[in-house]
Each structure stands twice: as structure tokens, then as C-alpha cells.
Amino acid sequence: MKPTLLLLPGTLCDARIFRHQCRALRDVADLRALDYAGLDRSGAWLDRLLGELPEQFSIAGFSLGGLWALELLRRAPQRVQRLALIASNARPASGRARRRSASQWRVWQREGPAAVARGAKPAYFHHPSQRQRHGPLVRAMADATPRQVARAEFAWAAARPDSLPALHDFGGPLLLVSGEHDRLCPAAWQREMQQAQPAARWLELPRVGHFVPLEAPGRLSLALRQWLQA
């Protein structure tokens with residue numbers, strides 16, 4: 001029986017961010033790429049999600065999805081078999097994070113989702129050619145994000161707790177994947193997680209920025225395959 005793998009996308013993203021992984025890993029896992037359609041600010045959607053998942057499952061979370069993955073780990077540590085954090089971190093919300101989330105929400109209210117994506121895009125991708133290639137998908141995912149979902153995403157990023165203790169206590173296979181040129185979740189934050197859980201495997205991808213699933217889909221899928229088969 002194949003393991004269940006829950007794929008959690010990032011801010012203003014949906015299941016399309018994991019297209020490559022859904023094709024490349026379907027032979028080794030029962031893949032469930034999530035959209036945040038039921039997301040709310042209370043966090044009750046996580047309890048509903050846990051009620052829909054099998055008793056044992058693995059999680060791969062990209063960016064904000066990694067923060068949600070860590071919250072699932074806190075709520076049901078005995079049920080999470082494997083954990084992969086992709087261009088993410090385990091830090092608590094900081095003043096800077098709160099200001100960034102508040103600024104993004106103001107832009108959303110004034111100018112709409114495409115403006116938020118457009119403003120963040122320079123920090124998302126390492127090379128201009130990647131921004132040009134993947135920009136339409138980033139904008140399309142942002143446009144498809146409902147207003148209440150966007151607000152809940154920004155609110156969670158601004159209020160998330162410290163997850164390093166949860167990583168310290170996690171005993172399953174832990175994979176950290178980051179881009180060498182990630183300006184949002186830099187190498188120092190990856191080392192922080194590895195120090196919390198020394199058994200973690202950290203893979204830093206050269207010539208890659210923050211949007212690992214789009215910039216390095218093949219390398220990410222290979223790393224996830226190896227992690228699933230560990």
C-alpha cells in the first residue's frame with residue numbers, strides 16, 4: 001500500500017504548484033495536493049483536514065505550506081510519518097513578518113491579488129528568465145485565491161508560533177529543501193531547523209531562489225522520492 005502524501009502549497013498558490021511532483025511521484029505515493037478552499041482564520045479547517053486523512057500520512061509543505069505542515073505536526077505528532085519543508089522555516093512570527101503580511105493585505109484590498117503577486121515576484125525567483133517563464137502561473141494562482149483565503153493566509157503568517165520544538169521532537173524522516181538564492185527563507189533558517197533536528201537531511205539547490213517547485217521541479221521530485229523511500 002502506497003503512503004499518503006499531503007502536498008501543501010504556499011501563499012496565494014494552489015495545487016498547480018505541484019504539477020511536476022503529482023506526475024513524478026504517483027507511482028510511490030497516494031498524492032493529495034491541497035487547495036486552501038476551506039481555509040479560515042480560526043484554524044478549524046486543520047481539524048477537518050485531519051478528520052479526512054488516514055491514520056498515518058506524510059506531508060510536504062512549500063513556503064507557507066511548510067508552516068501549516070508544522071501546525072499539523074503539533075496537532076497530531078503521532079500521525080505524521082515523514083515531513084518535508086520546502087523553502088520554508090520553523091520560526092515564530094516576527095515584527096517584520098507581521099508588517100509584511102499587513103502590507104500584502106493592504107495591497108490586496110486596494111489593487112487586488114495580481115498586484116500582490118507582482119510586488120513579491122522579484123523576491124520569488126533567482127533569475128529574470130524564471131520570473132518571465134513562471135510569472136503567468138503565479139498571477140493565475142493569485143487571481144484564483146478567494147479573498148477570505150488570502151486574508152487567512154496573511155493572518156497565519158503574521159501569528160504563527162515557534163515550531164522548532166516540534167521539529168526537535170519529531171522522529172520520522174525530515175527533509176529540508178531550499179534554494180541557494182532564497183531571499184525569503186535563507187540558509188541560516190535552514191541551519192536553524194537542522195540544529196533543532198540533527199537527523200534532518202538538508203538539500204540546498206544551486207541557482208534556485210524561493211519558488212523551488214517551479215524553478216527546480218525535477219530535482220525536488222527526486223529528493224521527495226528518496227525521502228519517501230527512506
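Where the only charges are on Cβ atoms (+1 Lys, Arg; -1 Asp, Glu), what is the dipole of the chain about its Cα centre, to the nearest 20 debye? Could you put the intermediate results ahead of the total?
Values: 33 positive and 19 negative charges, 133 e Å.
Computed charge dipole of the chain: roughly 640 debye.
Note on region 95-148: Cα-Cα pairs beyond 17 Å make up 39% of the total pair count.
Between the listed residues 193, 156, 179, the Cα displaced farthest toward the positive end of the dipole of region 154-230, a dipole computed from Cβ unit charges relative to the Cα centre, is found at 179.
Cα convex hull of region 35-81: how many Å³ per residue? Present the calculation step by step, with values, prior to reporting the outcome.
On the way: hull volume 3.6 nm³, N = 47.
Dividing the Cα hull volume of region 35-81 by its residue count gives 76 Å³.
Applying the criteria of a DSSP loop state and at most 14 other Cβ atoms within 10 Å to the chymotrypsin sites (Phe, Trp or Tyr not before Pro) of region 70-157 yields no site.
Summarised as an ellipsoid, region 16-152 has semi-axes of 26, 20, 15 Å, derived from the eigenvalues of the Cα gyration tensor scaled by 5 and square-rooted, with the largest first.
Sum -39500 (n - 2.57) across every DSSP H segment of at least 4 residues in the chain, then divide by the residue count to get the 222 nm mean residue ellipticity, nearest 500. Walk me through the intermediate numbers first.
Details: 11 runs with 117 residues, N = 230.
Result for the chain, helices only: -15000 deg cm²/dmol.
Given in Å, the Rg to one decimal and the Dmax to the nearest whole number for the Cα atoms of region 166-230 are 11.8, 32.
Using DSSP to call loops (not H, G, I, E or B), can you name the GluC sites (Glu not before Pro) in region 148-213 whose Cβ has at most 13 other Cβ atoms within 10 angstrom?
On the way: sites: 153, 180, 192, 204; in loops: 180.
Counting only loop positions with at most 13 other Cβ atoms within 10 Å, the GluC sites (Glu not before Pro) in region 148-213 are 180.
Taking 7 Å steps out from each Cα toward its Cβ at residue 132 and residue 195 produces label points 4.1 nm apart. Here the Kirkwood formula puts the hydrodynamic radius of region 1-96 at 13.7 Å, using every distinct Cα pair. Among the GluC sites (Glu not before Pro) in region 1-79, those placed in a DSSP loop whose Cβ has at most 11 other Cβ atoms within 10 Å are 55. Along its first, second and third principal axes, ordered by size, region 91-209 spans 44, 33, 23 Å in Cα coordinates.
FYI, it's all coordinate maths here, none of it is from the lab. If you're wondering where the values come from, they're calculated on a predicted model, not measured in any experiment. So basically every Cβ, Gly included, is an ideal-geometry build from the backbone, and we count neighbours across all protein chains shown.
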